[in-house]
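Take a look at the structure below.
No lab work stands behind these numbers, since they all come straight from the coordinates. Given the structure is predicted, the values throughout are model-derived calculations rather than measurements. Counting neighbours? That spans all protein chains shown, and the Cβs are built from the backbone with ideal geometry, glycine included.
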Amino acid sequence: MLLYAIKRLGVALLVAFAVSLVTFTLLRLSGDPAAAMAGEVATEEDIEYVRKHYGFDRPLPVQYYDWLSKAVQGDFGISIYLKTPVSEIIFKRAPTTMTLGACALAFALILSIPLGVLAAMYPNTIVDRAALTIAVVGQALPSFFFALILIIIFGVWLRWLPISGHASWMNFVMPSVALGYYATPAIMRLTRAGMMDVMSSDYIRTARAKGLRPSAVLFKHALRNAIIPVVSLSAVQLGFMLGGSIVIETIFSLNGLGNLAWQSIQRSDFEVMQAIVLSVATFYIVLTFCADMLNAFLDPRIRVH
């Protein structure tokens, strides 16, 4: 287990390094940070002064090394627009995005796993078709459009839930449903396929022959093995949710990393954009690593690969 963990950790560190390098390079090639910092009315002399003052005239590898050496210590520089340390901005906005992602994943799991189990228990029946219909609708319905539908019904017509802000837990209900529903189809289909494959296994037939209760066979033996790929998929889906929360946060006016990313793109705030991409990528890598460790714990056969 320890050797497997070390191998996965090494891969995770290499991926984090590659993400930071690609992000830094692409952002630098997408525009001139000196011109953005100097402003629209700046002269060429002003831009050149900013370029030399902040070291943008140095070779790109040197700039990357300086940025990375500070980033590993938590120093992502100063926001060009807000004139505030980027790390403070990230730490202030991150809890909102993390809460949204966790609630959205919880909604997706609570909805998709029972549907997948029911569809596997009653294949080719009305229950199975109803679960597949829900999955197809969730896959075809864009998150932003579903969010607008939720706002009209529960925010405008019924007035049950607040439309914007993050003052209470009620503010996260509609954003979590809109963001989590998109992940429901993939998890549901994988759960259904895994359960149908496991339920036809020899050890399930042996468990039934021993006279075990149907609930024990279903949850203790079948679901535990069928859930292993779902763990990995859930980590991937949560990473997608965090990375794609920009639209949902903008619609519901949530002051998270997604909304901050949109604002930073409009302001050409390179330092903040760089930190957001690296932060989300790092969290995604950590999630994948934790999912690998959990899978190795659930299925010892994985550790030998």
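Quick one: of 52/83; 7/92; 70/92, which pairs are farther than 29 Å apart, Cα to Cα? Beyond 29 Å: 7/92. Axis of helix 126-140 versus longest Cα principal axis of the chain: the two differ by about 10°, to the nearest ten degrees.
Tell me the trypsin sites (Lys or Arg not before Pro) within segment 188-289 that lie in a loop according to DSSP and have at most 11 other beta-carbon atoms within 10 Å. Here the sparse-neighbourhood loop sites are 210.
With everything on Cα atoms, drop me the angle between helix 2-30 and the longest principal axis of the chain, reported from 0 to 90° to the nearest 10. Between the helix axis and the principal axis of the chain, the angle is about 40 degrees. Taking the Kirkwood radius as Rh and the Cα radius of gyration as Rg, segment 1-71 has a ratio of Rg/Rh equal to 1.21. For the pair residue 213 and residue 158 in one chain, pulling the backbone fully straight at 0.36 nm per residue adds 15.4 nm over the alpha carbon distance.
Rounded to the nearest 10 degrees, the angle from helix 270-298 to the longest Cα principal axis of the chain is 20 degrees. Summing charges over all other residues whose Cβ lies under 11 Å from the Cβ of residue 80, with Lys and Arg as +1 and Asp and Glu as -1, gives 0.
Can you divide the C-alpha Rg of the chain by 2.2 N^0.38 Å and report the result to two decimal places?
1.22
The alpha carbon centroids of segment 120-142 and segment 202-260 are separated by 16 Å. Rounded to the nearest 0.05, what FRET efficiency do residue 12 and residue 110 give with R0 = 35 Å and r taken as the Cβ-Cβ distance? Could you check? Given R0 = 35 Å and the Cβ-Cβ separation, E is 0.80.
With the helix formula -39500 (n - 2.57) applied to DSSP H stretches of n ≥ 4, the chain reaches a computed 222 nm mean residue ellipticity of -23000 deg cm²/dmol.
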